[in-house]
Amino acid sequence: MLYRTDKVNYYLDIAETVAERSTCLRRHYGAIIVRDDEIISTGYNGAPRGRKNCADLGHCLRDELNIPSGQRYELCRAVHAEQNAIISAARRDTMGGTLYLAGRDPKTGKLLADTAPCSMCRRFIINAGIRRVVCRVAEDKYETIDVRDWIFNDDSVDMRPE
């Protein structure tokens with residue numbers, strides 16, 4: 001009997017292939033947006049078009065400053081994979097769609113088990129009308145996020161002191 005990859009892993013495999021275009025020295029992420037079983041757009045993390053990227057420069061400012069992952073994004077040259085996929089699509093096409101996200105550590109080649117959109121990308125995803133996000137966390141394991149949960153339960157923007 002012929003083995004056939006299930007649809008979710010098929011799309012996550014494509015997102016991983018897209019990540020191979022990443023120019024970030026810290027993380028390689030790839031994202032694809034799918035609606036009605038059709039790929040709408042793809043994106044990977046890298047510098048804005050026409051700007052020098054970390055791979056070409058040979059260094060990462062956030063690494064040099066020992067900034068932990070998930071912090072001080074304003075110092076990063078890259079546009080995130082999710083953002084690039086959303087920018088490359090029309091909102092009418094992303095409405096009700098699914099964003100598939102996969103990431104690898106470029107130094108080790110290992111999958112990133114903590115793959116998930118950051119708080120900035122969550123806002124982009126919500127406004128793009130994307131219904132769910134599927135993140136690869138192991139070779140054939142993934143987590144599915146209902147974007148409505150972010151709308152009603154996300155407090156990542158609330159930075160007021162207690």
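Lysine pairs, Cα distance under 25 Å, 8 or more residues apart or cross-chain: how many in the chain?
Taking the Cα cut-off of 25 Å, the pair count is 5.
Specify, per residue and in Å³, the volume enclosed by the convex hull of the alpha carbon atoms belonging to the chain.
In the chain, the Cα convex hull volume per residue is 137 Å³.
In whole percent, what relative contact order does the chain give with Cα contacts below 8 Å and a gap of six or more residues? Show your work: numbers first, answer last.
Details: 306 pairs, mean separation 35.5, N = 162.
Relative contact order here is 22 percent.
In deg cm²/dmol and to the nearest 500, what is the mean residue ellipticity at 222 nm of the chain if only DSSP H runs of at least 4 residues count, each as -39500 (n - 2.57), divided by the residue total?
Value at 222 nm, helices only, nearest 500: -7500 deg cm²/dmol.
Report the FRET efficiency, 1/(1 + (r/R0)^6), for LEU65 and TYR3, where r is their Cβ-Cβ distance and R0 is 45 Å, rounded to 0.05.
Approximately 0.45, to the nearest 0.05.
For region 20-107, take N as its residue count and report Rg(C-alpha) divided by 2.2 N^0.38 Å.
After normalising by residue count via 2.2 N^0.38 Å, the value is 1.15.
Return the carbon/sulfur percentage of the accessible area of the chain, one whole number, probe 1.4 Å, all protein chains in place.
After summing per-atom areas, the C and S share lands at 49 percent.
Distance between the C-alpha centers of region 78-134 and region 1-65? Whole Å please.
Centre-to-centre distance over Cα atoms comes out at 9 Å.
By how many nm would the segment from GLU38 to LYS52 lengthen if fully extended, with 0.36 nm per residue of separation less the alpha-carbon distance? Before the final figure, lay out the partial values.
On the way: separation 14, 0.36 × 14 = 5.04 nm, distance 3.22 nm.
Contour length minus the Cα-Cα distance gives 1.8 nm.
Kirkwood hydrodynamic radius (Cα pairs, Å) of region 1-55?
The answer is 12.5 Å.
What do you get for trypsin sites (Lys or Arg not before Pro) in region 1-98 restricted to DSSP loop and a cutoff of at most 15 other Cβ within 10 Å of the site's Cβ? Could you put the intermediate results ahead of the total?
Values: sites: ARG4, LYS7, ARG21, ARG26, ARG27, ARG35, ARG49, ARG51, LYS52, ARG62, ARG72, ARG77, ARG91, ARG92; in loops: ARG4, ARG21, ARG26, ARG27, ARG49, ARG51, LYS52, ARG72, ARG77.
Hits after loop and neighbour filter: ARG4, ARG21, ARG49, ARG51, LYS52, ARG72.
Using the heavy atoms of the protein chains and a 1.4 angstrom probe, tell me the accessible area per residue for the chain in square angstrom. Show your work: numbers first, answer last.
Numbers: 9910 Å² over 162 residues.
Per-residue value: 61 Å².
The values are calculated or read from the model by the stated rules, or taken from the named source; none is laboratory data. Since the structure is predicted, the reported quantities are computational estimates derived from the model, not experimental observations. As a convention, Cβ positions derive from the backbone with ideal geometry for all residues, glycine included, and neighbour counts pool all protein chains shown. What goes into the accessible areas is simple: the full protein's heavy atoms, side chains included, and nothing from ligands, DNA or RNA. Shrake-Rupley method; radii C 1.70, N 1.55, O 1.52, S 1.80 Å.
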